[in-house]
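Sharing a structure here in structure tokens format.
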């Protein structure tokens, strides 16, 4: 009888956890609740440090209403990984991925080889010269780097020198590395903020403009 009670208690705790996930996971665009299935998908994407799919859908659907840009703008994916985000983001005609890791760069080249509008560059983002007005996408590309602020600041200094109009789409990862003052220091002002996630795995997308 005691064993049966323990089993029932364990089952009750599992049900309560599932119910809690349903209650705390919230969105602010099309739905107020996300199901357990989406929560599991979200958790898996975070574990792999992939761009959460709902943010890609959100940007594809809403970005042209949030900011002013045209077909002359290029999409720059800082730390593009295997190129998946570049293929899925449909916000610019020309897309450029910057990946410093040679092996991951090779993966991105292979994954994007059938996309004529995508170029993958194997280099440090700080060496990139912004030739055109651009939308730069960053999903915490330096989340494992201890000296991340030095790299970000050097990147922002290069953007100031290029004298082009740059939007930065900054999607926070496991840790929000950049704060508001870091952007303001280089004349980037916040244009938009969008929250999506749970209390435990909260995510935000910030859009800045110089």
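The values are calculated or read from the model by the stated rules, or taken from the named source; none is laboratory data. Since the model is a prediction, treat every value here as computed from it, not as a measurement. Cβ coordinates were reconstructed from backbone atoms using ideal geometry, including for glycine residues, and neighbour counts include every protein chain displayed.
Quick one: would you say residue 178 is crowded, with 20+ Cβ neighbours inside 10 Å, free of Cβ contacts under 8 Å to residues at least 40 places away in the same chain and in a loop (DSSP other than H, G, I, E, B)?
Against the criterion (crowded, with 20+ Cβ neighbours inside 10 Å, free of Cβ contacts under 8 Å to residues at least 40 places away in the same chain and in a loop (DSSP other than H, G, I, E, B)), residue 178 qualifies.
All but one of (1) without any contact (Cβ under 8 Å) to a residue 60 or more places away in the chain; (2) within 12 Å of residue 137 (Cα to Cα) hold for residue 83; state the number of the condition that does not hold.
(2)
Which one is nearest to residue 64 (Cα to Cα) among residues in the range 137-147 that are part of a loop (DSSP other than H, G, I, E, B) and in contact (Cβ under 8 Å) with a residue 60 or more places away in the chain?
Here the answer is 139.
If the requirement is being free of Cβ contacts under 8 Å to residues at least 24 places away in the same chain and under 16 Å from residue 81 (Cα atoms), which of these qualifies: 101, 124?
Matching residue, one of 101, 124: 101.
This table checks each residue for (1) in a loop (DSSP other than H, G, I, E, B); (2) surrounded by fewer than 16 Cβ atoms within 10 Å (Cβ to Cβ).
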| site | (1), (2) |
| --- | --- |
| 72 | yes, yes |
| 77 | no, no |
| 86 | no, no |
| 91 | yes, no |
| 109 | no, no |
| 126 | no, no |
| 135 | no, no |
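Only one of 196, 153, 208, 114 is modelled with pLDDT of 90 or more and either assigned to a strand (DSSP E or B) or buried (at least 17 other Cβ atoms within 10 Å of the Cβ) (or both). Can you tell me which?
208
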